[in-house]
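**Q** Structure provided below as structure tokens; questions to follow.
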Amino acid sequence: MFDFLKSGSAKIQAEIDAESKRAEEAAAADARLREARGDALLADDTKELDRIDAQLVASSRDAGRRAERVKLLEGKLAQAQEREKAQEIDAIVARAEKARKLGEELIRKDYAKQAAALAETLMKLRAIDKFIEEQNYTLANAGREGSVPSPNQIRHILGRTGTRTIRKMVGINEAEHPHNAEWRKTEYRGGPYMGNPPANVTLHNGQSVPRFMEVEVKEDYYHPPTWAAALHKEIQILPSASNDQIPLYNADARGLGEKLAKLQKDLDL
């Protein structure tokens, strides 16, 4: 007996396909029976007609039952597909929940321990940064130009910019072409062309000049820094001590001013 509760959509679909194939075979058999029935009618063979008619009645009954079964199977297929979709979603949720629990465990154990050590260093860096800001403020009030940079700047190695000269091929219709201005004064500029255009262009004054010319142009460029220029690649991805990015387990702002003042004293600033 077919167990719909335990059967998946693939198995139910296979059953529907099998029923459809049986229906096709039965329809072909019915066609042959109707052809044979015509022959029996022509031969006035009553006994053969009765036999064929009985078979056609049985075939029609079976076809009706088969159609009903396919309709029921299609309903079961939809239910199975919905059930499988729900199971797939439940599985995704279960995997995500497993990942969440793993993350919470890492935060409670590894991160909490490592963040505490990192926070101590970051607090010292913040104290140093605040001290430099205070001294720069005093220096500015005293009329001294310039300031002492924050140590945090070593995290950001800037690239360099400049201007360079390059050679490139330009067409007569481009502004960089030496004869572009004269070409624009020309009433008839030629074209459109089938295939390649002529190599030379005749200007309004009768002068023939090359359509394409190689010229020198200046362009701005930016050269990004190489990692070799940085003290350590990892420095650039650590939390910034100047942007309040203290790890979450040590981000309590209460009494921060007092903590910074004490650290400045401890660091002999």
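The values are calculated or read from the model by the stated rules, or taken from the named source; none is laboratory data. It should be emphasised that the depicted structure is a prediction, and the values quoted were computed from it without experimental measurement. Methodologically, a virtual Cβ is constructed for each residue, glycine included, from the backbone with ideal geometry; neighbour enumeration extends over all protein chains shown.
**Q** Is it fair to say E133 is of a type in the set (D, E), part of a loop (DSSP other than H, G, I, E, B) and modelled with pLDDT of 85 or more?
**A** So E133 does not fit the description; no.
**Q** Among what's in the range 13-29 and is within 21 Å of S60 (Cβ to Cβ) and small (G, A, S), pick the residue that is modelled with the highest pLDDT.
**A** It comes out as A18.
Condition check ((1) touching a residue at least 24 places away in the same chain (Cβ under 8 Å); (2) aliphatic (A, V, I, L, M)) across all residues:
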site	(1), (2)
K11	no, no
E19	yes, no
R32	no, no
Q55	no, no
I89	no, yes
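**Q** In addition: Take R144 and decide whether it is among the basic types (K, R) and assigned to a helix (DSSP H, G or I).
**A** no
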